[in-house]
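Novice: Okay, handing you the structure first.
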Amino acid sequence: MDFSANHIGFVIASYALSVVFLASLVITTLGRDRKLRAEAERLDTQRKKARA
Amino acid sequence: MQFLANPTRFLRIANAVLPYVWAITVALFAVGLYGALVTAPPDYQQGETVRIMYVHVPAAWMALFVYTVMALASAVAAIFRHPLADVAAKTAAPIGAVFCFLSLATGSLWGKPMWGAWWVWDARLTSMFVLMLLYIGYMAIWAAIEEPHRAAMVARVVALVGFINIPIVKFSVDWWNSLHQPASVFRMGGPTIAGPMLWPLLVMGLAYALLFLALHLTAMRAEIAARKIRQIQIAEIGDR
Amino acid sequence: MNLILALIKRDLTLTLRQGGGAGTALGFFLCVVVLLPIGIGPDQALLARIAPGALWISLLLSVLLSADRIYQQDYEDGSLDVMTMGPVPFEIVALAKSVAHWLSTSLPLAIAAPILGFLVNLEPAAILPLAIAMVVGSIALSLIASIGAAVTVGLRRGGLLVSILVLPLYVPVLIFGLSASQPNAAPGLTAASLLILVAIALAGLVVSPLASAAALRSYLK
């Protein structure tokens, strides 16, 4: 890869944009998954305790 | 389909499969990016700018593929009434929208140096833009209707009508383009693409596909948890 | 059949008695056609070139503007609930209401458009093809508007959503409608575009009642 080529900024920008968007998508998806599963687990055990 | 319809079984399989899917995704990205940025030669016409293709084309492929997944899931939901199919369609939409946006944005970044304009009303660009609108409309329906069961039913209609519309738009835009622009614009890629440029593209395409699979399974798992929370909360209100 | 006619007649009477109806859409149409030359300047050649496109876009937007009236009132006062239980299949009810919308709003606009074309210097040779294309296209537009209206009927702020949902469906109608309105295009092209426009309208005739009825049912449950 030649970093002194014409229009190299556009190439870097498109890779950067893709990385930023995909990475934030991965982070939000994983974060939401972790948060919601922990919450569901907590409510579930709480409910079982209340029943017992 | 029937086999996966059971949420518990789905979760068991998803939990087992997900680590491997993530691992393969990372590996494919490593290989694909190495191929795209290091081994692939610059194009004799486009120079280094051709490297945008390796992030642009897979994003465009996935944008179309994800909408197909969404429409299929909606059809399954409408015919067999599997709640999991609605979950699959709902969670696929934001991922597809990101792919669609990235294909538009990187295409624009490629178009500026190549065509001299950020945006050209070319047939492909116009169809992609319409696809983006379809994604936005679909997600807006889920956001606007509070009751999940009702939202699911309306969203099915939106997804399926949109799916019927895609080929019609493609056809009409090609027609319109041939009327207004007799000379074709320089196209990205093309059918005769050399081997050293082809394999990184295919590996990147596969990497994007697996990234979608990993994200989709994770998002579905999260959505199932969200519904469980809702059910428990409703049950608690009922207990009081 | 009589029941269906009664439904259409009821909707037509309602829109006519309440005013609004075609009036609002026609007023909007007139606004665009009058404001456009003022906005872009009185250059006759330029106006003649953009006239068919401008008229089509005004038609599209006017129909979009009136879309929410197809089901809104009947949903709010409960008439739609009654209609789901009637002897007429609900898909046919949706079709009847789309037809009523077409007769009361889209068709008058499609007929008025070529006449208003004089204001934007529409060439005389284009009047007939434009009129034919618009009458056919307006059927498709009403059917599409019906889907948009049905999908958002229970939402308080459905306006923006209708536009986003309907715009992708309008694109093909606009393209083929416009291409069928060009009098001096290559021979056969106008006819071919018109036939495709007819095909879109026919496809809408099948898809729209199914989709609208499915969407309405989910709100009525």
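The values are calculated or read from the model by the stated rules, or taken from the named source; none is laboratory data. The shown structure was predicted, so the numbers you read here are calculated from the model rather than taken from an experiment. Glycine also receives a Cβ, built like all others from the backbone with ideal geometry; neighbour counts cover every protein chain displayed.
Novice: Hey, among the residues in the range B:12-69 that are in a loop (DSSP other than H, G, I, E, B) and out of contact with any Lys or Arg (no Cβ under 9 Å at 6 or more places or on another chain), which one's surrounded by the fewest Cβ atoms within 10 Å (Cβ to Cβ)?
Specialist: Restricting to residues being in a loop (DSSP other than H, G, I, E, B) and out of contact with any Lys or Arg (no Cβ under 9 Å at 6 or more places or on another chain), the top hit is B:Y44.
Novice: So B:A97 clears everything in (1) touching a Pro at 6+ places or on another chain (Cβ under 8 Å); (2) buried (at least 21 other Cβ atoms within 10 Å of the Cβ) except one condition, right? Which one?
Specialist: Tallying (1) touching a Pro at 6+ places or on another chain (Cβ under 8 Å); (2) buried (at least 21 other Cβ atoms within 10 Å of the Cβ), B:A97 fails exactly one: (1).
Novice: Condition first: among the small types (G, A, S), over 26 Å from C:L35 (Cα atoms) and crowded, with 23+ Cβ neighbours inside 10 Å. Now tell me which residues in the range C:118-177 satisfy that.
Specialist: Result: C:A140, C:S146, C:G148, C:A149, C:A150.
Novice: For C:A112, indicate whether it is under 17 Å from C:L7 (Cβ atoms) and within 16 Å of the chain's Cα centre (by Cα).
Specialist: no
Novice: Something else: Listed residues C:S79, C:S58; which is without any contact (Cβ under 8 Å) to a residue 40 or more places away in the chain and of a type in the set (S, T, Y)?
Specialist: C:S79
Novice: Would you confirm whether or not the range C:17-25 contains a residue that is of a type in the set (G, A, S), over 15 Å from C:A145 (Cβ atoms) and touching a residue at least 12 places away in the same chain (Cβ under 8 Å)?
Specialist: Checked the range C:17-25: at least one residue is of a type in the set (G, A, S), over 15 Å from C:A145 (Cβ atoms) and touching a residue at least 12 places away in the same chain (Cβ under 8 Å).
Novice: Does the range B:87-133 hold any residues that are aliphatic (A, V, I, L, M), touching a residue at least 40 places away in the same chain (Cβ under 8 Å) and within 13 Å of chain A (Cβ to nearest Cβ), and which are they?
Specialist: Those that are aliphatic (A, V, I, L, M), touching a residue at least 40 places away in the same chain (Cβ under 8 Å) and within 13 Å of chain A (Cβ to nearest Cβ): B:V87, B:A92, B:A93, B:I95, B:A97, B:L102, B:L109, B:M114.
Novice: Kindly check whether there is at least one residue in the range C:24-39 that is of a type outside the set (S, T, Y), on the phi < 0 side of the Ramachandran plot and surrounded by 22 or more Cβ atoms within 10 Å (Cβ to Cβ).
Specialist: Yes, some residue in the range C:24-39 is of a type outside the set (S, T, Y), on the phi < 0 side of the Ramachandran plot and surrounded by 22 or more Cβ atoms within 10 Å (Cβ to Cβ).
Novice: Sticking with this structure for a sec: Being within 11 Å of C:I70 (Cβ to Cβ) and under 12 Å from the mean Cα position of the chain (by Cα) is the filter here, so list the residues in the range C:83-105 that pass it.
Specialist: Scanning the range C:83-105 gives C:S98, C:V99, C:A100, C:H101, C:W102, C:S104, C:T105.
Novice: Say we look at the range A:1-43 and pick out the residues that are within 7 Å of chain B (Cβ to nearest Cβ) and acidic (D, E); which of these is farthest from B:V50 (Cα to Cα)?
Specialist: This residue is A:E39.
Novice: While we're on this one: Residue pairs, Cβ under 6 Å, 6 or more apart or interchain, first in the range C:197-221 and closer than 27 Å to C:V135 by Cα, second among the aromatic types (F, W, Y) and in a helix (DSSP H, G or I). List them.
Specialist: C:L197/C:F176; C:A213/C:F90
Novice: Right, here's the next one. Counting residues that are under 24 Å from C:A180 (Cα atoms) and of a type outside the set (A, V, I, L, M, F, W, C), which helices (runs of 4 or more DSSP H) fully inside the range C:17-89 reach at least 2?
Specialist: C:44-65
Novice: Somewhere in the range B:11-27, is a residue of a type in the set (F, W, Y), modelled with pLDDT of 90 or more and more than 20 Å from B:W142 (Cβ to Cβ)?
Specialist: Yes, that holds for at least one residue.
Novice: Also, quick follow-up: Applying the selection to the range B:134-155, what residues are at the interface with chain C (Cβ under 9 Å from one of its Cβ atoms) and assigned to a loop (DSSP other than H, G, I, E, B)?
Specialist: Selection gives B:I145 alone.
Novice: Okay, next question. C:S79 - would you say it is at negative phi and out of contact with any helix residue (DSSP H, G or I) (no Cβ under 6 Å at 6 or more places or on another chain)?
Specialist: yes
Novice: Further, regarding this structure: If a residue has to be within 8 Å of chain A (Cβ to nearest Cβ), among the basic types (K, R) and without any contact (Cβ under 8 Å) to a residue 60 or more places away in the chain to count, how many in the range B:207-240 make the cut?
Specialist: Within the range B:207-240, residues that are within 8 Å of chain A (Cβ to nearest Cβ), among the basic types (K, R) and without any contact (Cβ under 8 Å) to a residue 60 or more places away in the chain number 1.
Novice: Condition (residue is at pLDDT 90 or above and charged (D, E, K, R)) applied to the range B:45-59: is it met by at least one residue?
Specialist: Scanning the range B:45-59, I find no residue that is at pLDDT 90 or above and charged (D, E, K, R), so the answer is no.
Novice: Please list, ordered by first then second residue, the pairs with beta carbon atoms under 8 Å, 6 or more apart or interchain, first in the range B:156-170 and more than 7 Å from chain C (Cβ to nearest Cβ) and touching a residue at least 12 places away in the same chain (Cβ under 8 Å), second surrounded by fewer than 20 Cβ atoms within 10 Å (Cβ to Cβ) and among the polar types (S, T, N, Q).
Specialist: These pairs meet every condition: B:F163/B:T68.
Novice: Within 30 Å of C:V82 (Cβ to Cβ), buried (at least 16 other Cβ atoms within 10 Å of the Cβ) and not charged (D, E, K, R), is that true of C:L7?
Specialist: Criteria met by C:L7.
Novice: Any residue in the range C:115-129 that is closer than 16 Å to C:G177 by Cα sitting within a Cβ distance under 9 Å of a residue that is polar (S, T, N, Q) and surrounded by 17 or more Cβ atoms within 10 Å (Cβ to Cβ)? List the pairs, counting only those 6 or more apart or interchain.
Specialist: Going by the 9 Å Cβ cut-off, the qualifying pairs are C:A126/C:S181; C:A126/C:Q182; C:P129/C:S181; C:P129/C:Q182; C:P129/C:T190.
Novice: Go through A:R47, A:R51 for me and flag whichever is within 9 Å of another protein chain (Cβ to nearest Cβ), among the charged types (D, E, K, R) and over 20 Å from B:V98 (Cβ atoms).
Specialist: The conditions single out A:R47.
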